[in-house]
Amino acid sequence: MTDTRDLFAETTDQPVEDNAWRPLADRMRPLGLDDFVGQQHLLGPDTPLRKAIEGGRLHSMVLWGPPGSGKTTLARIIAGTCNAQFLSLSAVMAGVMDIRAAVEQARRAREGQSRATVLFVDEVHRFNKAQQDAFLPYVEDGTVTFIGATTENPSFELNSALLSRARVYVLKALGKEDLHDVIGHALTDEARGLGKDNLDCPAAVRDQLAEAADGDARRALNLLEIAAELARARGEGAHLSEDLMREVLGAGHRRFDKGGELFYDQISALHKSVRGSAPDAALYWMARMLDGGCDPLYIARRVVRMASEDIGNADPRALHLALDAWETQQRLGSPEGELAVAQAIVYLACAPKSNAVYKAFNSAMGDVRDGGTLEVPLHLRNAPTRLMKELDYGRDYRYVHDEPDAYAAGENYVPEGMTEKRYYHPVSRGLEARIAERLKELAERDRKARKS
């Protein structure tokens with residue numbers, strides 16, 4: 001049998017003097033619910049999950065959220081608050097034998113100490129069917145309470161049998177105020193953080209950190225630790241300057257999951273923005289996908305689909321333009337080909353149902369580079385599964401073909417909190433002059449709908 005002494009060793013608080021070797025992000029893990037930052041929709045006062053944890057009522061669950069949102073930390077807090085043994089497996093490294101060893105250790109704790117066991121599986125979406133089936137019977141009979149952590153949509157990645165026995169909780173990326181709290185605590189905590197270093201970290205530098213962390217508490221603390229070490233190495237003492245932080249941050253960091261949940265949300269938003277005659281929003285979502293590493297040819301193929309599905313014979317030129325854009329992308333590659341695809345998207349969005357496209361595309365890309373990862377609004381998200389529908393994905397989406405003149409006046413196609421911008425400004429020449437008239441008409445209808 002696999003030796004489980006190291007693999008499943010429970011984490012205990014290390015003496016302060018032994019903490020120096022541990023990364024700052026690990027040292028600063030919250031130890032209780034009152035220290036946990038963010039996720040107030042799940043852990044706020046009188047929420048069902050908080051009541052269950054404080055009442056010691058363990059139940060199997062899947063924690064679904066982006067990196068650094070607190071999934072592992074919350075699992076540890078749940079086990080500690082409920083006085084349960086905490087065993088951890090990584091789905092990347094563990095096999096069926098490791099699962100059986102963990103189950104055996106849980107059985108001994110139950111029979112010898114009458115103690116419950118939380119079996120935490122990190123990156124549970126990496127488990128194959130055989131691995132999931134291996135511990136399912138022990139979840140059913142209560143030998144272990146299963147807590148899985150995943151960044152991927154569990155309705156796609158987990159067996160229905162396992163998913164039906166676990167409650168899914170959706171964690172959100174931390175907001176900037178939450179990240180400021182995390183950074184501030186690390187700077188002042190003398191026992192576990194950097195408080196003894198008396199670091200001078202101005203508000204502007206903290207803003208830089210919070211912006212670059214992009215909702216990820218672990219990333220914020222890792223960057224802070226690197227900055228502090230770099231300042232010491234350069235003899236700059238305890239001062240963290242904006243220049244030093246810019247050097248630490250380097251290239252931007254935005255979330256994108258090729259082929260995952262966020263990927264399909266964004267292509268859904270792009271398609272629905274084109275269908276909704278919203279060229280600015282369509283350019284925004286295209287820019288988001290390109291910025292995250294999406295294959296431009298995938299977008300080009302989807303644009304052809306959009307032309308056929310939502311424009312059709314209302315303007316047959318749209319399909320020709322989309323096919324030309326696809327061919328241009330294949331012939332020229334990146335980055336030149338994207339401009340032709342952007343031109344097709346703008347045309348499709350403005351069709352009934354320039355230099356102008358170049359400027360619009362670059363303006364949208366600039367906003368994406370500076371704006372971080374803004375969430376796709378719920379009403380624009382794709383909802384192919386029952387779980388996603390229960391989470392209100394796609395709820396209240398106004399299907400334009402059911403609206404007067406196939407236009408959902410007053411509808412919003414950009415992320416919440418983002419100021420609507422006009423990226424595309426058609427010139428007063430050729431067909432674009434007629435496009436300008438149509439956009440002016442649609443804008444007036446939007447104004448009236450939002451005013452009423």
Problem set entry | helices (runs of 4 or more DSSP H) within region 193-298 that include 1 or more residues modelled with pLDDT of 90 or more and within 16 Å of Ala364 (Cβ to Cβ) | 261-275, 279-292
For this session: Exactly one condition in (1) surrounded by fewer than 17 Cβ atoms within 10 Å (Cβ to Cβ); (2) touching a strand residue (DSSP E or B) at 6+ places or on another chain (Cβ under 8 Å); (3) not aliphatic (A, V, I, L, M) is not met by Glu157; state its number.
Result: (1)
Exercise. Within region 426-452, which residues are in a loop (DSSP other than H, G, I, E, B) and exposed (fewer than 12 other Cβ atoms within 10 Å of the Cβ)?
Worked result: Ser428, Arg429, Ser452
For this session: Specify which of the listed residues (Ala433, Ala409) is modelled with pLDDT of 90 or more, on the phi < 0 side of the Ramachandran plot and in the same structural domain as Arg275 (by TED's automatic domain parsing).
Result: Ala409
Seminar exercise, completed: Exception for Arg126 within (1) on the phi > 0 side of the Ramachandran plot; (2) surrounded by fewer than 21 Cβ atoms within 10 Å (Cβ to Cβ) falls at (1)
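Condition check ((1) at positive phi; (2) outside the structural domain of Leu42 (by TED's automatic domain parsing); (3) in contact with an Asp or Glu (Cβ under 9 Å, 6 or more places away or on another chain)) across all residues:
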| residue | (1), (2), (3) |
| --- | --- |
| Ser164 | no, no, no |
| Val182 | no, yes, no |
| Gly193 | no, yes, no |
| Pro202 | no, yes, yes |
| Val205 | no, yes, yes |
| Asp214 | yes, yes, no |
| Leu223 | no, yes, no |
| Ile226 | no, yes, no |
For this session: Run down Tyr393, Tyr423, Tyr347 and say which single residue is buried (at least 17 other Cβ atoms within 10 Å of the Cβ), more than 30 Å from Leu174 (Cβ to Cβ) and in the same structural domain as Leu270 (by TED's automatic domain parsing).
Result: Tyr347
Exercise. Can you tell me how many residues in region 309-341 are closer than 19 Å to Val400 by Cα and either surrounded by 14 or more Cβ atoms within 10 Å (Cβ to Cβ) or not assigned by TED's automatic domain parsing to the domain that holds Phe361 (or both)?
Worked result: 4
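The values are calculated or read from the model by the stated rules, or taken from the named source; none is laboratory data. None of these values were measured; they are calculated from a predicted model. Glycine also receives a Cβ, built like all others from the backbone with ideal geometry; neighbour counts cover every protein chain displayed.
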